[in-house]
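The values are calculated or read from the model by the stated rules, or taken from the named source; none is laboratory data. This one's a predicted model, so the numbers in the text were calculated from it and none came from an experiment. All Cβ positions, glycine included, derive from the backbone under ideal geometry; neighbour counts span all protein chains shown. In case anyone asks, the SASA skips ligands and DNA or RNA and just uses the protein heavy atoms, side chains included. Shrake-Rupley method; radii C 1.70, N 1.55, O 1.52, S 1.80 Å.
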Amino acid sequence: MELFEGIITPVITPFHRDETQSVNEEALADQIDWLIDHGVQGIFVLGSNGEFHVLDHEEKLAVTRCAVKAADGRVPVYAGAGACSTKEAVQLARDMEAAGADALSVINPWFLQPSNEDLYTHFKTVSESTSLPVILYNIPKATGRSLSPELVDRLADLPGIAAIKDSSGDPALLKAYADIARRKDFRLLVGSDSKITLGYDLGASGAVAGTSNLIPDILTGLDKALRAGDREQAARYQEAIEPLRAVLPLGTVPSVLKKAVELNGSCQAGPARKPVSELSPEDTRRVQVMVDGYRKRARAQQDQGDAA
């Protein structure tokens, strides 16, 4: 298994539509199976789309164990071990390693505004608590700050810090991280689906692409086209992501994506956990139209392949 390569899906966490919105492990296994069958090169549990922020410690470990079992060694499993306290992040890292994860993602603490020195100590302590490689997770819209290039440059020198996932959507920041990756034993993963082509041009080794929960064939096609240097085909695949991205603002993350996955039939995704509400009937209809459009596209491509 190759780490930090290709399309890695930050898989949704399915929930039952019961009083407690309990984790639906059977549906999670179904989704992971479907994704691997469609060619993704990694499974990332407990990211933003995986609703790590509303799961407790034991639920996170259950999700990690379920993913490891479902993947069954076919692709690497990345697990989100981020927490506001260093103590909790360390415990998650150790427990997720014991659960069989292949690598960890660690987000910087949210709500707090730690100094760069605080953050350096935080990431260093977490990375030293486990033998697994650690991915820094930069998502300033959720944490309130970016990981500065200066901080990332220092962290990249630590033996346990292996990569960064950048979900800032900021081309200048993406370029700065790419410059660090070129100079050091360090990998860059694109976390903004609209910036995958740009990221690969800068030297990214892969993408953690939320849209691949629904349209893995398009994302894996984009990855292959970019690696082959087929710019025209890559441009078509990059553009094909937009119908899904256009409807995502209809609800709070990840309500739209979960509804789309459920309507597509790959698994019983269930609702996002409260306080996030399910979509209105009208917005559900708009998501259904989007899903039907992708199905029509897939059928047309299948027909072309059969004719050839």
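Within the range 84-126, if we keep just the residues that are closer than 21 Å to P10 by Cα and in contact with a Gly (Cβ under 7 Å, 6 or more places away or on another chain), the residue that is most open to solvent (accessible area, probe 1.4 Å) turns out to be W110.
Selection of first residues in the range 243-268 that are more than 17 Å from S280 (Cβ to Cβ) and open to solvent by less than 60 Å² (accessible area, probe 1.4 Å) and of second residues that are assigned to a helix (DSSP H, G or I) and among the β-branched types (V, I, T), restricted to Cβ pairs under 8 Å at least 6 apart or on distinct chains, gives the following pairs, ordered by first then second residue: L244/T211; N264/V291; C267/V261.
In the list R231, R227, R183, R236, which residue meets the criterion of being within 25 Å of V287 (Cβ to Cβ), open to solvent by 20 Å² or more (accessible area, probe 1.4 Å) and either of a type in the set (K, R) or in contact with a Cys (Cβ under 7 Å, 6 or more places away or on another chain) (or both)? On inspection, the qualifying residue turns out to be R236.
Each residue in the range 1-21 was checked for being modelled with pLDDT under 95 and under 12 Å from the mean Cα position of the chain (by Cα), and 0 of them qualify.
All conditions in (1) part of a helix (DSSP H, G or I); (2) within 22 Å of I215 (Cα to Cα); (3) open to solvent by 20 Å² or more (accessible area, probe 1.4 Å); (4) not acidic (D, E) hold for A62, with the sole exception of (2). The listed residues are G6, G39, and the only one of them that is touching a helix residue (DSSP H, G or I) at 6+ places or on another chain (Cβ under 8 Å), open to solvent by less than 30 Å² (accessible area, probe 1.4 Å) and on the phi > 0 side of the Ramachandran plot turns out to be G6. The condition (being touching a Leu at 6+ places or on another chain (Cβ under 6 Å) and either surrounded by fewer than 22 Cβ atoms within 10 Å (Cβ to Cβ) or without any contact (Cβ under 8 Å) to a residue 12 or more places away in the chain (or both)) is satisfied by just one residue among L173, L198, L132, L158: L132.
If the condition is being open to solvent by less than 90 Å² (accessible area, probe 1.4 Å) and under 13 Å from N264 (Cβ atoms), then the range 287-304 contributes V287, Q288, V289, M290, V291, D292, G293, Y294, R295, R297, A298.
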